[in-house]
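The next block holds one structure in the form of structure tokens; read it before the comments.
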Amino acid sequence: MEKTVEVSRLSKSYGSIAAVKDLSISLGRGEVFGLLGANGAGKSTAIECILGTKKADSGTVAILGMNPQKARKTLFERIGVQFQEISCQDKIQVAELCEITASLYRKPLDYRNLLKAFGLADKSKSLVSELSGGLKQRLFIVLALIPDPEVVFLDELTTGLDARARRDVWKCLSDLKRKGLTILLTSHFMDEVEALCDRILILKHGSTVFCGTVPEAVAASPHEHFEEAYLWFTDEEDKEDAGI
């Protein structure tokens, strides 16, 4: 399988605090990979270092065979990024924002088709400020897909969406995966992880505590269900029992 993202022994510290320790992952074309962990586990720092927006202390990263810090301009055309918190002009129409985004790329997808696929076609003339949190989240995914990326990074992609909307997003992403899109995502919804991810990696205090498939994670734990296994790996199970 062609490798699209390769990370080897990536580490990043802030003073005496190690945010990410010796992270190694390898993603193939058309694979959905879940980077999981409790809040503060190091997921955001890991993604920022992989994208090259933060400089790692040590380790190597290659996206589509390129160093993201040295080939930023070239990679800009070939990857998509959606973060849970994103800044954009509120007093702009959805279609206008999509048109501006599309103008940044040489061969963008037709944003009208993406708006339709993600249930936003009737919101094209709405101001971004008028959208609900869930609709904004869908819009941010559309913006990440406009460049027709080969690799896309999605942070908490369905936060704020209802059950129906979440499943619609899953279907769209599954269709894109079949066309060869590599997806690296973070999520706190374990049903989403089970539905989408080919493999997962669980971080705890910056260190890898598990890497493999969902069934392998369950088998490596004392539990029968993935959500319970995840809580066991991250120690969140103990916090819930203690009422923390």
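The values are calculated or read from the model by the stated rules, or taken from the named source; none is laboratory data. This is a predicted model, so every value here is computed, not measured. Note: ideal-geometry Cβ built from the backbone for every residue, glycine included; neighbour counts use all protein chains shown.
Any residue at all in the range 22-30 that is hydrophobic (A, V, I, L, M, F, W, C), surrounded by 18 or more Cβ atoms within 10 Å (Cβ to Cβ) and over 24 Å from PHE189 (Cβ atoms)? No, that holds for no residue.
Within the range 133-179, the set of residues being within 15 Å of LEU115 (Cα to Cα) and small (Gly, Ala, Ser) comprises GLY134, ALA144, ALA165.
Need pairs with beta-carbon distance below 6 Å; first residue within 18 Å of ALA18 (Cα to Cα) and within the range 50-67, second surrounded by fewer than 13 Cβ atoms within 10 Å (Cβ to Cβ); sequence gap 6+ or separate chains. Here the result reads GLY59/ARG9, each pair linking the range 50-67 to a residue that is surrounded by fewer than 13 Cβ atoms within 10 Å (Cβ to Cβ). Which count do you get for residues in the range 204-213 that are surrounded by fewer than 17 Cβ atoms within 10 Å (Cβ to Cβ) and small (Gly, Ala, Ser)? Of the residues in the range 204-213, 2 are surrounded by fewer than 17 Cβ atoms within 10 Å (Cβ to Cβ) and small (Gly, Ala, Ser).
Checked against the criterion of being aliphatic (A, V, I, L, M), buried (at least 17 other Cβ atoms within 10 Å of the Cβ) and modelled with pLDDT under 90, the candidates LEU135, LEU139, LEU64, LEU120 yield just one match: LEU135. Can LYS177 be described as closer than 21 Å to GLU6 by Cα and in a helix (DSSP H, G or I)? Considered against the rule, which asks whether it is closer than 21 Å to GLU6 by Cα and in a helix (DSSP H, G or I), LYS177 comes out as yes.
Note on the range 78-105: among residues that are over 20 Å from the mean Cα position of the chain (by Cα) and of a type in the set (Asp, Glu), the one that is modelled with the lowest pLDDT is ASP90.
Of the residues making up the range 1-46, just one is among the aromatic types (Phe, Trp, Tyr) and more than 27 Å from ASP175 (Cα to Cα), namely TYR14. Residue count for the range 148-203 under the criterion of being buried (at least 21 other Cβ atoms within 10 Å of the Cβ), closer than 21 Å to PRO108 by Cβ and without any contact (Cβ under 8 Å) to a residue 60 or more places away in the chain: the result is 1.
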